Amino acid sequence: MKKIKDIFSRSIGWGTTGVMCSFCRYSKGRSNLETKKVEFRECVLHKLNLNMQISKTGHVRGEYFCKQFDNIHPFPTAVEEFNIIKNDLEENILYEACQKEYLCMTSFDELEKIET
């Protein structure tokens, strides 16, 4: 896997990058009508459970995305930053903006091993 520099600013809403699976058009959620909270979120493109992004308290635990990320929220800075690195991203890799010099990376094959 090729190392990709983490170029994202963290000024977009609550100190996030604005680039994460929950903001992607491929992300779908199922809500509990009684509690009005999203209980399950998944990527319909990769058939991936995205609950790993959310802690038990409901806060974002990590900002994950892949090469096919397609932002549905109006965060122009995030889109500009993502487009700078998009061509360098690899297929079948889940990236995380982990506030280190380089993005953290996990292959989808490794994720499948973790989930089972």
Unique match (being surrounded by 17 or more Cβ atoms within 10 Å (Cβ to Cβ) and at pLDDT 90 or above) among F23, F75, F65: F65
V38 vs. criteria aliphatic (A, V, I, L, M), closer than 18 Å to F8 by Cβ and modelled with pLDDT under 90: no
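I need the full set of residues from the stretch 79-95 which are farther than 16 Å from T17 by Cβ and in a helix (DSSP H, G or I), in order please. Working first, answer last.
Going through the stretch 79-95, the residues farther than 16 Å from T17 by Cβ turn out to be 87-88, 90-93.
Result: N87, D88.
The values are calculated or read from the model by the stated rules, or taken from the named source; none is laboratory data. These figures come from a predicted structure and were not determined experimentally. Ideal geometry is used to build each Cβ from the backbone, glycine not excepted, and the neighbour counts take in all protein chains shown.
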